[in-house]
Amino acid sequence: MPGLSASGGCEQVGGWPSGLWPRTMKKAGHSTRPLGSNVMHHRGNGSRGAVLLCGTLIWGLLGSVALGQLTATQKADIGFTALENRLGASMPLGIGVSVSQVEALDGSGNYRVNTADAQLTGKTFQFPSGGSTGVSGHATTVGRYLYGTESLAPRVGATTDGSTVANYEVNNWLGSGFLNSSNSALLPDVETRQLVNHSWVGNTGNTTTDTTILNRADYAVQRDGTIATYALNNGSGTTIPALMASTYNGIVVGLSSGNHSRGTTTIDGAGRQKPDIVVPTSFTSWATPSVASGAALLWEVADTTAGLANGKEAEAVKSLLMAGATKQGSNLPGTWTWSHTSTEPLDSIYGAGQMNVEVSYDILTAGEFAASGATLADSTGWDFGSASSTASQLYFFDVGSEFDGGQVTASLNWQRTMTANDTQPGQGTNYVFSGNLANLDLNLYSATGFTLDTLLAQSISSLDNTELIWETGLSAGRYALEVTSDTDSIDYGVAWTVAVPEPATWALAVVAAIGFAAAGHRLRSR
């Protein structure tokens, strides 16, 4: 299956950036052809930019060239198989979840999902962007990973559930189709679907225009309560794509192999770490809908289980996924070394770690625990809370002897607060967007009763809107998580879990080599 690369590994389907020549693609039995000439036009500044498809452009209708689904090994590595085996007929399927899928034009000028594809039957498709009716292999493959019959959430967009798939073309979505980024008199349209997936990256060539798009995207996610997933570029480049991986209010996805752009953002809040989470696929275009599909499972459980309704909130879903992510173990590539610091909450390559839907499901179903200075939470749980500038939000929990020597993982997420200001009241509408990022911190203490003792770990980035604690070598006893804020009334999601870590791959190899008897050393996978 031939791959294409431009600007770090994605497929170029827009105007060519200075210094980059168009790549071509060749497949046995077909002549070489250039990729498309789709260009994003932005009124008023004359800028022209490129949109990139983050995956392998499959020729024609895919046929048997690609499965378009996670392999059995990949599903096992992200905890899906274990969860499916546990739950059986009770396994969530993404029932009731609708999705918007934003796609760039392929080399033939097409962006639409193949609605006749065998893995995509039983879906209600809408094409708000109109235009070309041709089929895009890239869009079809993304659809398979996101809501296909072999995806993590095969009932997303199902006609029988009344849910839908809206398939947009990216230039239309950025413009009059949704975001209205070139018309300051209009706000973004209202998104009624729970998920929005972006398996493309790009830029307009103009930082001001890129920032406007990012501001509007964050505004729409915040206002509409959607869960947005964004792809990083393929290849190990050191530049984070301006669009859309530089937004605050979504989930940015990379690869477990580390073969994605890494580093920090350079516009609209420079220095923020990306990605948020990784998945063991070959391209970011497939990893991103896999995370969206995992989010759909959590959303359904929260929607249908008493007491878990707040688990549908975007901040809570992001925290559930990131707290559940695997940071060490035999299911990770041998090149992994996960690390972070108190001021850099995520690993510079792997983010919060590799998605593990079983652990995230267990955190969600453990229950929501409100912050309290006088009541115990469980050692695994979560909350959708509201921060205060004058009072800490505390979550006390006990670690039992069965977890002695284990670890606690905690993830805190909140959104950048966006405001649309009309700068010409009474003269005609002109919206200018401004953002305020509250500074929330996450601390872990040992405790006696309901009194804080020793500060054990903290995550105190002043740039990111995520904090993460991963503290190993716990002893049995009482602990407390503390959420602090410099701003009142900021909604946040926090999730935590205590577990005994799985040994790393090299450790297993050593154990096997010396014939160590593993009986009596059963480990709960993290």
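The values are calculated or read from the model by the stated rules, or taken from the named source; none is laboratory data. A quick note: this is a predicted structure, and the numbers were derived from the prediction, not measured. Cβ sites come from the backbone with ideal geometry, for glycine too, and all protein chains shown count toward neighbours. For the accessible areas, the whole protein counts, side chains as well, though only heavy atoms, and no ligand, DNA or RNA atoms are used. Shrake-Rupley method; radii C 1.70, N 1.55, O 1.52, S 1.80 Å.
Okay, here's what the table says:
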read-out: Ser434 being closer than 20 Å to Gly311 by Cα and either in contact with a helix residue (DSSP H, G or I) (Cβ under 6 Å, 6 or more places away or on another chain) or part of a strand (DSSP E or B) (or both); value: no
read-out: Scan of segment 463-478 for residues that are hydroxyl-bearing (Ser, Thr, Tyr) and either surrounded by 17 or more Cβ atoms within 10 Å (Cβ to Cβ) or under 29 Å from the mean Cα position of the chain (by Cα) (or both), ordered by number; value: Thr466, Thr472
read-out: Complete set of residues in segment 114-123 that are in a helix (DSSP H, G or I) and more than 16 Å from Ser98 (Cα to Cα); value: Ala118, Gln119
read-out: Matching option when the condition is closer than 20 Å to Glu191 by Cβ and hydroxyl-bearing (Ser, Thr, Tyr), among Thr238, Thr247, Thr266; value: Thr247
read-out: Verdict on Asp106 being in contact with a helix residue (DSSP H, G or I) (Cβ under 8 Å, 6 or more places away or on another chain), closer than 16 Å to Thr159 by Cβ and acidic (Asp, Glu); value: no
read-out: Residue that is farthest from Gly473 (Cα to Cα), among those in segment 404-430 that are open to solvent by less than 30 Å² (accessible area, probe 1.4 Å) and not in a strand (DSSP E or B); value: Arg416
